[in-house]
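As structure tokens, the structure follows; a few thoughts come after it.
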Amino acid sequence: MSKSTVGNFFEDFSLGQIIKHATPRTVTAGDVALYTGLFGPRFAVQSSDAFAQAIGYPRAPLDDLLVFHIVFGKTVPDVSLNAVANLGYAACRFLRPVYPGDTLSAVSEVIGLKENSNRKTGIVYVRTIGLQQDGGTVLDYVRWVMVRKRSETAPAPAELVPALPDALDPATLGHACPLIDAYDFALAGSAHRFADYAVGEKIDHVDGITVEEAEHQIASRLYQNNARIHFNLFAEAKGRFGRRLIYGGHVISLARALSFNGLANAFHIAAINGGRHVSPLFAGDTVFAWSEVLAGSELSGRDDVGALRLRTVATKDRPCADFPLRQGDDYDPAVILDLDYWALMPR
Amino acid sequence: MSKSTVGNFFEDFSLGQIIKHATPRTVTAGDVALYTGLFGPRFAVQSSDAFAQAIGYPRAPLDDLLVFHIVFGKTVPDVSLNAVANLGYAACRFLRPVYPGDTLSAVSEVIGLKENSNRKTGIVYVRTIGLQQDGGTVLDYVRWVMVRKRSETAPAPAELVPALPDALDPATLGHACPLIDAYDFALAGSAHRFADYAVGEKIDHVDGITVEEAEHQIASRLYQNNARIHFNLFAEAKGRFGRRLIYGGHVISLARALSFNGLANAFHIAAINGGRHVSPLFAGDTVFAWSEVLAGSELSGRDDVGALRLRTVATKDRPCADFPLRQGDDYDPAVILDLDYWALMPR
Amino acid sequence: MSKSTVGNFFEDFSLGQIIKHATPRTVTAGDVALYTGLFGPRFAVQSSDAFAQAIGYPRAPLDDLLVFHIVFGKTVPDVSLNAVANLGYAACRFLRPVYPGDTLSAVSEVIGLKENSNRKTGIVYVRTIGLQQDGGTVLDYVRWVMVRKRSETAPAPAELVPALPDALDPATLGHACPLIDAYDFALAGSAHRFADYAVGEKIDHVDGITVEEAEHQIASRLYQNNARIHFNLFAEAKGRFGRRLIYGGHVISLARALSFNGLANAFHIAAINGGRHVSPLFAGDTVFAWSEVLAGSELSGRDDVGALRLRTVATKDRPCADFPLRQGDDYDPAVILDLDYWALMPR
């Protein structure tokens, strides 16, 4: 038997299967610096130990998306090396803050399987849990992905498509955020609080960031995400796109960093309700973003922060002053990401 | 009112205005590593805790320019998002060493305003102070920048052009440098001390470094500098240069790293007397540098170090064996930076 | 005398000469993060403090190759600025683990000299020792390099070509590895132990990684390796290759990271018997790798780990499913690296 692997195919998964993913990862101030260099986030809580301590954290926590990407990266060798497409995320909750020095690992359960009618591919649903060194859960989420079959003639598994919530109940949010106090709005970069945002309000995040090959490769390797489509020009030059595809999570992080201009006090992502990578992103493209406030909710038992449900839309080579989203029944062709999440903001 | 901003225009500034800049920033060993990877400095004091401790620091301090860039970066969203040109720096003093774990923030005061005769732009002078977590000043400097007006018809403010010194008095230098001792010249890479440098002496720094888009973008984001001209190819392709412009501070850091070859013991920048970005730098260009000793001064009350006043000139695509500077009344077209500063060197 | 240097030429070296290299370097979690971002290694011991502690390390040690590159980098300004070719390495032993916070420095001895018959170049052999802050040796190795003469008429030195071992004796290996225990194979990513590998077995590491200019430049600067051929497009555009040459050590690190797929439990490089950079690598090329098990050896007095002698071959733009190596008497033109080393693996 070969010592190396080309990854799992659709027929290698079974319902209820538990996958303990490899390579536990201690996160450090080095990861934080590199993440800052790659995306340029300016949220005060994650940038400053002094600011974080003043409001109630023991020190600056890691950016929520950096935690997500590291946990996600661990699942790639087992789940999506033979993916045709990442179809979606749902029910992603951030349950504990993560600090430099913590060690993250990941375990997934296969919660759904559905062969496609062409018998060449199938959809795999996994619920993944990100764990801290003490076994506590920092993150959980569901992801579904279309995976190639090794053989068209392999029998189809029993079909199960899991029921997934459209959005997380705000009553379940906020576990990763301490009771906050003494929040300095000037130092944070905006005077706008939770109550200043209205449902339906749209915000253009104004700026654009062009992505380079070196940048997305460094980011994906930092997460130990080894999906070949991000790294192997020799193979991808002959593939579907003719070039390397940028990890979808890269777009999420860019959009989040851009969203500081308009959402500077949305300091913590409490949950991701769903995300769709509408179109691929390639090096040389410039990413823009805008957001809409979908809902707002107080959190039971606390009056320090409220939760804004936000839709953040990212585009490529298309400024967002007019909030591009649809074109007829389809997405506007410039749209690359449609993300729905709950962010916490001081009241 | 829009939650996002396109930045301040000339008519938004007023004399005496105090701006508390956003996003305090804890600097870490991660920032140091990334700075090393981006510029390759080899000065022993900033590279080695052991070397720094042997000469009197508690541990290796951050590179002075890394501190400068982080403080500078904080001012960009408030001061220069609508800049046409960065015109100059003056009176920059490094007043305290900064170590990993320190948190930096920045406050600026508008100390000068002058509308240009075309009424489309004006010059804004700010004095910026970089602060440590305890409120102490680590850095101060004056910068002036030409900023667009939102409207040509906006009334001109009272004109005030501040008086600025040509150079800092050496009697005011050295606060960020402890009394040093036991300096190992072999380990530092050069036997040349303060007294070995003669006024008028010119030094070719020999090497050249080609800059990539990913590198300057990562650097500027590390400083949380969000000036769009560095990042947004979509917009800049239609702009003045047809491409992304590299942050001027990137050139200063490259020139400083190159200057190690000839100035290995000039371990600390005590002050920047003035700096001029003579020409723009773009990705693909190769940066070279040379220096001239403008003056030398002992520091009152201490015999451990002396101050060399240096002019470091950077060029693009032009080696510096013949010390290019002028061509007739103008700068040589290859010159991109003309920097005047005081560096400390062991006696 | 000029304060800057263009580096040593062949006639500047003498047998028995001791060179204390400049710039001691404190390694940090920042260096580790950047190394992870640049190469994507997934070995559990170096990724996780928790995993490393569970098996007997005080915390996660630095990747062995990161230590090698930093020590190597220090020798470049003194040994190889005027190198025509890096000819080989031998007798490289890793003698102590290195942790964030340690300070590394390097000393070399010239142990061989041989002028070439064209009198334009000569071969310099150096034995280099990497030291920790307490003076202990973390690494030693021999390297030989072809260096230009300043003048063809300079007299040739007495010729001495040192005897070098083909491979290190396994009885001398393992000093940098504590007695290990409680190794979690699932978390490490593979069930394959020392005894599962057979001499003569070949492993295709499957994946490919395309290299960007920014990546290899950042890596080489991180090691403070200032060899101009890696950085100076202006000069190299007119040179032998017409472009920047990638540091040979970059290929070793890429091949090592790729080798995780098939050698996930080969967690520590105990020694490098020899290495040959068969062909140059340039940005835009995609690197693949395969390995062959050359030998296996138990380590005297310990039953926790065994040593595998591995040959890892890297190619460019050539997948390795058929293990490319030779073509007639020569290397296959796609081969860029032929590396022979001892790796430790749990028994």
**Study point:** Considering residues of region A:131-159 that are assigned to a strand (DSSP E or B) and farther than 21 Å from A:Arg276 by Cα only, the residue least open to solvent (accessible area, probe 1.4 Å)
**Key:** A:Val138
Exercise for review: With the condition kept exactly as written, say whether any residue in region A:89-106 is more than 30 Å from B:Gly101 (Cβ to Cβ), in contact with a Ser or Thr (Cβ under 7 Å, 6 or more places away or on another chain) and among the β-branched types (Val, Ile, Thr).
Suggested key: no
Point to revise | Subset of region C:315-329 (residues that are closer than 10 Å to C:Trp290 by Cα and among the charged types (D, E, K, R)) | key: C:Asp322
**Study point:** Looking only at region C:173-190, and only at residues there that are more than 10 Å from chain A (Cβ to nearest Cβ), open to solvent by 30 Å² or more (accessible area, probe 1.4 Å) and of a type in the set (A, V, I, L, M, F, W, C), the one that is nearest to the chain's Cα centre (by Cα)
**Key:** C:Leu179
Practice item. Could you tell me whether any residue of region B:28-36 is open to solvent by less than 20 Å² (accessible area, probe 1.4 Å), in a loop (DSSP other than H, G, I, E, B) and not acidic (Asp, Glu)? Key: no
**Study point:** Residues within region B:1-47 that are out of contact with any helix residue (DSSP H, G or I) (no Cβ under 8 Å at 6 or more places or on another chain) and at the interface with another protein chain (Cβ under 7 Å from one of its Cβ atoms), tallied
**Key:** 1
Practice item. Quick one: C:Val199 ticks every box in (1) more than 30 Å from A:Asn232 (Cβ to Cβ); (2) of a type in the set (Val, Ile, Thr); (3) crowded, with 17+ Cβ neighbours inside 10 Å except a single one, so which number is it? Key: (3)
Review point. How many residues does region C:299-335 hold that are out of contact with any Pro (no Cβ under 9 Å at 6 or more places or on another chain) and of a type in the set (S, T, N, Q)?
Key: 1
Exercise for review: Find all pairs meeting these conditions: Cβ atoms under 6 angstrom apart; at least six residues apart or on different chains; first residue within region A:154-177 and of a type in the set (D, E, K, R); second residue at pLDDT 95 or above.
Suggested key: A:Glu159/A:Lys114
Practice item. Test A:Asn265 against the criterion of being within 7 Å of another protein chain (Cβ to nearest Cβ) and within 30 Å of A:Arg347 (Cα to Cα), and give yes or no. Key: no
Practice item. Name every residue in region A:61-119 that is closer than 11 Å to A:Arg143 by Cβ and either open to solvent by 20 Å² or more (accessible area, probe 1.4 Å) or outside any strand (DSSP E or B) (or both), in order of residue number. Key: A:Phe68, A:Val71, A:Phe72, A:Thr75, A:Val76, A:Val79, A:Ser80, A:Ala83, A:Asn86, A:Leu87, A:Ile111
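Filter region C:193-211 down to the residues that are in a loop (DSSP other than H, G, I, E, B), facing chain A (nearest Cβ under 10 Å) and farther than 23 Å from C:Phe39 by Cα and list them by number.
Residues satisfying the conditions are C:Tyr197, C:Glu201.
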Exercise for review: Please list, ordered by first then second residue, the pairs with beta carbon atoms under 6 Å, 6 or more apart or interchain, first in region B:13-24 and outside any loop (DSSP other than H, G, I, E, B), second open to solvent by 20 Å² or more (accessible area, probe 1.4 Å).
Suggested key: B:Ile18/B:Glu109; B:Ile19/B:Asp78; B:Lys20/A:Ala186; B:Lys20/B:Val107
**Study point:** Verdict on B:Ser279 being hydroxyl-bearing (Ser, Thr, Tyr) and away from every other protein chain (no Cβ under 13 Å)
**Key:** yes
Revision key, fill the gap. Note on C:Thr75: of the conditions (1) under 27 Å from C:Ile209 (Cβ atoms); (2) among the polar types (S, T, N, Q); (3) more than 14 Å from chain B (Cβ to nearest Cβ), unmet is (3)
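Could we say that C:Ala50 is within 7 Å of another protein chain (Cβ to nearest Cβ), open to solvent by 10 Å² or more (accessible area, probe 1.4 Å) and farther than 29 Å from C:Ser279 by Cα here? Outline the logic, then answer.
Numbers: within 7 Å of another protein chain (Cβ to nearest Cβ): yes; open to solvent by 10 Å² or more (accessible area, probe 1.4 Å): yes; farther than 29 Å from C:Ser279 by Cα: yes.
So C:Ala50 fits the description; yes.
Mind listing whichever residues of region B:212-238 are assigned to a helix (DSSP H, G or I), among the aliphatic types (A, V, I, L, M) and more than 13 Å from A:Asp207 (Cβ to Cβ)? Before the answer, list the steps.
Keep residues of region B:212-238 that are assigned to a helix (DSSP H, G or I), which gives B:213-222, B:228-230, B:233-236.
Narrowing further to those that are among the aliphatic types (A, V, I, L, M): B:214, B:218-219, B:222, B:229, B:233, B:235.
Within region B:212-238, B:Ala214, B:Ile218, B:Ala219, B:Leu222 meet the criteria.
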Exercise for review: Just need a number here: residues in region A:258-303 that are free of Cβ contacts under 8 Å to residues at least 40 places away in the same chain and within 19 Å of the chain's Cα centre (by Cα).
Suggested key: 0
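The values are calculated or read from the model by the stated rules, or taken from the named source; none is laboratory data. Since this is a predicted model, take the numbers as computed values, not measurements. Positions of Cβ are generated from backbone atoms using ideal geometry, with glycine treated the same way; all protein chains shown enter the neighbour counts. Areas reflect the complete protein model, heavy atoms only, side chains present, ligands, DNA and RNA absent. Shrake-Rupley method; radii C 1.70, N 1.55, O 1.52, S 1.80 Å.
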